[in-house]
1. For A:ILE159, are the conditions met, namely being in contact with an Asp or Glu (Cβ under 6 Å, 6 or more places away or on another chain) and within 14 Å of another protein chain (Cβ to nearest Cβ)?
2. Output the residues belonging to region A:203-248 that are β-branched (Val, Ile, Thr) and either under 22 Å from A:GLN22 (Cα atoms) or under 21 Å from the mean Cα position of the chain (by Cα) (or both).
3. Identify the residue in region A:190-226 that is of a type in the set (D, E, K, R) and surrounded by 15 or more Cβ atoms within 10 Å (Cβ to Cβ) and, among all such residues, is farthest from A:ALA75 (Cα to Cα).
4. Answer yes or no as to whether B:VAL25 is surrounded by 10 or more Cβ atoms within 10 Å (Cβ to Cβ) and within 30 Å of A:ASP106 (Cβ to Cβ).
5. Would you be able to say whether some residue in region A:133-148 is outside any helix (DSSP H, G or I), more than 14 Å from chain B (Cβ to nearest Cβ) and either of a type outside the set (Lys, Arg) or within 21 Å of A:ARG227 (Cβ to Cβ) (or both)?
6. Determine if region A:237-245 includes at least one residue that is at negative phi, out of contact with any helix residue (DSSP H, G or I) (no Cβ under 8 Å at 6 or more places or on another chain) and in contact (Cβ under 8 Å) with a residue 40 or more places away in the chain.
7. Let me spell it out: the conditions are (1) touching a residue at least 60 places away in the same chain (Cβ under 8 Å); (2) aliphatic (A, V, I, L, M); (3) not in a loop (DSSP other than H, G, I, E, B), and A:LEU225 meets all of them except one. Which number is the exception?
8. Considering only helices (runs of 4 or more DSSP H) fully contained in region A:42-118, which possess at least 1 residues that are under 13 Å from the mean Cα position of the chain (by Cα) and either surrounded by fewer than 20 Cβ atoms within 10 Å (Cβ to Cβ) or without any contact (Cβ under 8 Å) to a residue 60 or more places away in the chain (or both)?
Amino acid sequence: MKSGTCEVAMTATAADDMPLVQFTLRLADNALVLGHRLSEWCGHAPTLEEDIGLANIALDLIGQARALYTYAGTAEGRGRDEDKLAYLRDAPQYRNILLVEQPNGDFAATIVRQLLFAAFMAPFWRALSASKDATLAAIAAKAEKETAYHLRHAGEWLIRLGDGTEESHRRAQAALDEFWPYSGELFETDQVERALIKTGIVVDPATLKAEWDRTLDDILAEATLTRPAAGWMQTGGRSGRHSEHLGYILAELQFLQRAYPGASW
Amino acid sequence: MTGEAKLPLWEVFIRARNGLAHKHVGSLHAADAKMALQAARDVYTRRGEGLSIWLVPSTAIVASDPDEKGMLFEPAESKIYRHPTFYEVPDEVGHM
């Protein structure tokens, strides 16, 4: 236990000194946590078709997470591979935005959460595929195609939920209102990104805001949903301050490696 | 979900490669054509099965009546000469 705490403290310091590692971990954590959330639908989705559809998206995200963790581990140079990074960091070391750790809720909530995220990630990956960092550019080029579909999938669903029955409209609007304050974190930057933006490795998320707005506005209009007013935004996940939900996700995600360290297939 | 009334049935056809025909692979439920296309992609192309998808509303399929299979298909069974199996192919022709 003691040595574990020590490792955690050292790790945080090491990552803070390395913007590329920190940035890559944030992307990886977003992908893993959202992928895990979607995997919770497996066997529970409203239809068989959608059960498989959501699992597909979950697997895309977990695949992205694996590539990103592997790269973060290599860039860090401390011998941590994808498994160590995914399974042996506790909640405060996770750097995902709060949006992706929010519970699935009803189907409308899952779709809204996915749409807010994918509407940002689609242009983000497209821009990152021109990164001066060749590995990130390659990961981004693959993720771009996957994410374009995630956006289409969530968008088409939200249009039908919003413009569907009275109940589906009500649920979709409620989900939108609930998750909207979590969208601000998508566009945050701190010293980690700023260092990388300057060198052409990372795209400034502020430059993607107009496209995100347009994507959302088009879909919401067709869905007959009301865009929530701009207001106070949640923050904290990117620096390790999480909602209580992440702890439960990690408890499930990490159980095997915590209980049986080093266990493998 | 009350099923088929709200989510009609669609037949899915996948073309695996250029030059091949679309082949029936199964069916699915979806609210409309766009959603059916997404579901077909999700359900039937996960293992790289295809390059193209066709969807047809199941109600648009005109099917032969199984009770008429005697009338429709049995007469063909006795016409073995319709198969091109009675020709000697000269060796020089090689693989046809």
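What follows draws every value from the coordinates through simple rules; no lab data is involved. No experiment lies behind these values; they were computed from the predicted model shown. Glycine gets a Cβ as well: all are built from the backbone with ideal geometry, and neighbour counts include every protein chain shown.
1. Here the answer is yes, as A:ILE159 does meet what is asked.
2. A:VAL203, A:THR207, A:THR215, A:ILE219, A:THR235
3. Taking region A:190-226 and keeping what is of a type in the set (D, E, K, R), we get A:190, A:193-194, A:198, A:204, A:209, A:211, A:213-214, A:217-218, A:222.
Going one step further and asking which of them are surrounded by 15 or more Cβ atoms within 10 Å (Cβ to Cβ), we end up with A:193, A:204, A:211, A:222.
Details: A:GLU193: 16, A:ASP204: 21, A:GLU211: 31, A:GLU222: 44 Å.
Taking the candidates together, the pick is A:GLU222.
4. On the way: surrounded by 10 or more Cβ atoms within 10 Å (Cβ to Cβ): yes; within 30 Å of A:ASP106 (Cβ to Cβ): no.
Criteria not met by B:VAL25.
5. Yes: region A:133-148 contains one or more residues that are outside any helix (DSSP H, G or I), more than 14 Å from chain B (Cβ to nearest Cβ) and either of a type outside the set (Lys, Arg) or within 21 Å of A:ARG227 (Cβ to Cβ) (or both).
6. Yes, there is a match, as at least one residue in region A:237-245 is at negative phi, out of contact with any helix residue (DSSP H, G or I) (no Cβ under 8 Å at 6 or more places or on another chain) and in contact (Cβ under 8 Å) with a residue 40 or more places away in the chain.
7. A:LEU225 satisfies all of (1) touching a residue at least 60 places away in the same chain (Cβ under 8 Å); (2) aliphatic (A, V, I, L, M); (3) not in a loop (DSSP other than H, G, I, E, B) except (3).
8. By residue number, A:48-76.
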